[in-house]
Amino acid sequence: AVPVPSSAPRGAASFQVQATPGVKLWLLHEAQSVKLPSSVSRWPLAPGPELLLAMDCPSKDVGDEKVRVSYFREDGGVPVGRAVLYLTCVEVSLDADVNRSGAVSRTLLDKASWTWGPEGHGAVLLVNCDRDDAGAEGLDNEDSAVRSYDDLKDMAQLVLRTRGPRAIFTGHRLLLHVDFGDADKIRVFCDGNSVELEKFKPVLGGCKLAYTVRPSRHHHESVFYVEGLAFPDVAFSGLVSLHVTLLESPEKGLLESPIFTDSVVFRVAPWIMTPNTAAPLEVFVCSVENNKEFVTAVGALAERAQCPLTVCPAPQNHQDRWIQDEVEFGYIQAPHKTFPVVFDSPRDRGLKDFPVRSILGPDFGYVARQAPEGTSSLDSFGNLEVSPPVTVQGKEYPLGRILIGSSFPRLGGRRMAKAVRDFLVAQKVQAPVELFSDWLHVGHVDEFLSFVPAPDRKGFRLLLASPSACYQLLKEKQEEGFGEAAMFQGRAGVPKPTVNEILANEELRKFNDYAQ
């Protein structure tokens, strides 16, 4: 907006505005907007009118469009003064896949905001947590290099468009920058207008907060690639902002002043856990010294289901058979890419190296959380389940809800490690529910509940283990004459109570009634 009275000579009472064809004009006068030219040729200078200017196309030369304001005295026919505004229009636009089509495009949507859902908008960023290069030691986002074109495909594109007279970009500075609080969450690579991987260099992220962009004489677009470094967590909402600012070069000794800033907001895609009612893609099983028949049976089942089987051999598992306690499978998804991500528990027993050695790889990511306060049985991922899609009191959870076992609210009970709970809550899309599981010796939710597919109603059933049903079964066996049958036969080093002894143990019955 241009205040018209600011250039008026003394004694002027009205004004007239003219512009070259490339300029659109509106006059803000007495709280109304009037498009110019209009039927009124002259306008009063009071009460402080303003001009709004717009141009649809970038200028070919500096100052090639003009606006002229002529000032007049009261009832005067000859102008007592003129002011000429020389205009140069440049395009500076920072674009990402805001409409979630899978490709970067220009949009009228608000790039600086982010909303959830199929009707929402906002760019999505993946944590680049797989390992596309077999020769690399860590995850792809743990170094500042682009090692393969597959690595690039995991990143989100960011396009900076610049058009206008070259003299403007020579005399001004174009700065791509990231907020200080977001710098450790993302890394931005520049391709340098080259397709050679060696030419890709990191320009933002870590200690690099700003990068000066020099538009090419022959290219109106500069392409950048953005990778996520961190998942949403207790101190990170998942939203990151990138900006481009056109700075006016000052006289010597003065600070640069911003003329225009454009911003784009990304959300780092959450880790999403998959329910066991979904179709299996791959089966993992551990082979230890005494489970050969079990592994054979699982293999036969996997073959019937036409599902690949991966056997973790004893030298890798160190006689640790509980693979469902060590890892949980999920995935991350953006419009341009989806890949599975294994979540490694802080349990860290014999299988602790298996996820990195044998699961992490091309388009198969890895994430872990540690428990500095020490681990309990509840930190094993048998204590981490997710429901199929549900609707709860009118609120939809299209990806289900995570279920974790915990203690009844009291002093001294076991809970899952805070770092794991915080991580699961921060993903937002599968809002966790804590269930009372500490009544069990091991304490895992998968010991007393499981979801199975069903052809009707909600499409699934929740199976619950029942202490009361177990007592009913034992009572039936007692009445059938099996009262002296001993439990746990064949197990060494454990008590072997009979059916009669279990049913006669009132303290055990009271505890199970409470658990039920």
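The values are calculated or read from the model by the stated rules, or taken from the named source; none is laboratory data. Remember, predicted model here, so these are calculated numbers, not experimental data. No Cβ is skipped: glycine too gets one built from the backbone with ideal geometry, and neighbour counts run over all protein chains shown. With ligands, DNA and RNA removed, areas are computed over all heavy atoms of the protein, side chains included. Shrake-Rupley method; radii C 1.70, N 1.55, O 1.52, S 1.80 Å.
Being part of a loop (DSSP other than H, G, I, E, B), of a type outside the set (D, E, K, R) and in contact with a Ser or Thr (Cβ under 8 Å, 6 or more places away or on another chain) is the filter here, so list the residues in the stretch 94-125 that pass it. Residues satisfying the conditions are Val98, Asn99, Ala112, His121, Gly122.
Can you name every residue in the stretch 382-406 that is in contact with a helix residue (DSSP H, G or I) (Cβ under 8 Å, 6 or more places away or on another chain) and either closer than 20 Å to Ile323 by Cα or open to solvent by 20 Å² or more (accessible area, probe 1.4 Å) (or both)?
Result: Gly382, Asn383, Leu384, Glu385, Ile402, Leu403, Ile404, Gly405.
Considering the stretch 76-93, the residues that are out of contact with any Asp or Glu (no Cβ under 9 Å at 6 or more places or on another chain) and in a loop (DSSP other than H, G, I, E, B) include one that is least open to solvent (accessible area, probe 1.4 Å), namely Gly76. Residues considered: Val188, Val178, Val203. Of these, the only one that is within 30 Å of Glu251 (Cα to Cα) and within 19 Å of the chain's Cα centre (by Cα) is Val178. Look at Leu158 and say whether it is aliphatic (A, V, I, L, M), in a helix (DSSP H, G or I) and more than 30 Å from Val2 (Cβ to Cβ). No, not satisfied. Restricting the first member to the stretch 365-386 and to residues that are at positive phi, and the second to residues that are outside any helix (DSSP H, G or I), the beta-carbon pairs closer than 9 Å and six or more apart or on different chains are Gly374/Ala417. Apart from one condition, Glu507 fits all of (1) loosely packed, with under 13 Cβ neighbours inside 10 Å; (2) modelled with pLDDT under 95; (3) in a helix (DSSP H, G or I); the exception is (2). A search for C-beta distances below 8 Å between a residue of the stretch 208-223 that is in a loop (DSSP other than H, G, I, E, B) and any residue that is open to solvent by less than 50 Å² (accessible area, probe 1.4 Å) and of a type in the set (Val, Ile, Thr), counting only pairs 6+ apart in sequence or on different chains, returns Leu209/Val178; Pro215/Thr162; His220/Thr162.
Looking at (1) touching a residue at least 40 places away in the same chain (Cβ under 8 Å); (2) in the same structural domain as Glu373 (by the TED database), find the lone condition where Arg349 falls short. If we test Arg349 against (1) touching a residue at least 40 places away in the same chain (Cβ under 8 Å); (2) in the same structural domain as Glu373 (by the TED database), just (1) comes out false.
Condition check: open to solvent by less than 30 Å² (accessible area, probe 1.4 Å), farther than 18 Å from Ala278 by Cβ and not basic (Lys, Arg). Does Asp379 satisfy that?
Judged against the criteria, Asp379 is a match.
If you go through the stretch 39-75 and pick out every residue that is over 17 Å from Pro5 (Cα atoms), open to solvent by less than 90 Å² (accessible area, probe 1.4 Å), outside any strand (DSSP E or B) and in contact (Cβ under 8 Å) with a residue 40 or more places away in the chain, you end up with 4.
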